Amino acid sequence: MFTRRTWAELLYALTNLPLSVLGLVLMMLPLLLGTVLSVTFIGLPVAALGVLVARGLGSTHRGLASSLLDLHVGKPGPPKPRRGIVPAVLLSAASWRAVLYVILKAPVGLITFIVPFAFWVYGLFM
């Protein structure tokens, strides 16, 4: 009746919301705390931790897309530490693309959760 691809796409769509919201919270807490504490010596490493969390979440989403949807997205290179890992992470364009991805993925995750859920419920009950 339904193919493996159908179930994989549904699973991907339904895991987007919890993963997106959890990822947004896990990334924003250290990023905002690091920004507030940036006047001290501990602020930038805390902010870098938030950016590293965003890179990890991007990797998680790439892994899900690869395993469930057979969609392969290239992995960005690691930050190149010239003066240390914290400046390398904070100055890397790929890191900030990951932050932007996590921020934008939350509302998209909400939409990709609600729409398939509504269609499946409508289809099952009608």
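Across the protein chains, with a 1.4 Å probe defining accessible surface, the residues 125, 113 rank 125, 113 from largest area downward. Heavy-atom accessible area for residue 114, with the other protein chains in place and a 1.4 Å probe, reaches approximately 90 Å². Restricting the calculation to Cα atoms, the chain shows an Rg/Rh of 1.10 when the hydrodynamic-style radius is the Kirkwood one. Largest first, the residues 122, 12 sort by 1.4 Å accessible area into 122, 12. Placing dummy labels 7 Å off each Cα toward the beta-carbon, the span from residue 72 to residue 96 is 3.1 nm. Put 126, 28, 1 in order of accessible area, highest first, and with a 1.4 Å probe you get 1, 126, 28. Got a sec? Charge dipole of the chain, +1 on Cβ for Lys and Arg, -1 for Asp and Glu; which of 11, 109, 90 is way out at the positive end? It is 90, whose Cα lies furthest towards the positive end. Across the stretch 50-67, the residues whose backbone nitrogen lies under 15 Å from the label position 7 Å along the beta-carbon direction of residue 108 are 55, 57-66. Computed from point charges on the beta carbon alone (+1 for Lys and Arg, -1 for Asp and Glu), the dipole magnitude for the stretch 1-99 about its Cα centre is near 340 Debye. Within the accessible surface of the stretch 69-126, defined with a 1.4 Å probe on protein heavy atoms only, the carbon and sulfur portion equals 74 percent.
Tally Lys and Arg at +1 and Asp and Glu at -1 over the other residues with C-beta under 12 Å from the C-beta of residue 54: what net charge comes out?
That sum, taken over residues with Cβ under 12 Å, equals +3.
Taken per residue, the accessible surface of the chain reaches 66 Å², heavy atoms only and a 1.4 Å probe.
The values are calculated or read from the model by the stated rules, or taken from the named source; none is laboratory data. Predicted, not measured: the structure shown is a model, and the values here were computed from it. Neighbour counts are summed over all protein chains in view; Cβ atoms, including those assigned to glycine, are modelled from backbone coordinates with ideal geometry. These area figures cover heavy atoms from the full protein model, side chains too; ligands, DNA and RNA do not enter into them. Shrake-Rupley method; radii C 1.70, N 1.55, O 1.52, S 1.80 Å.
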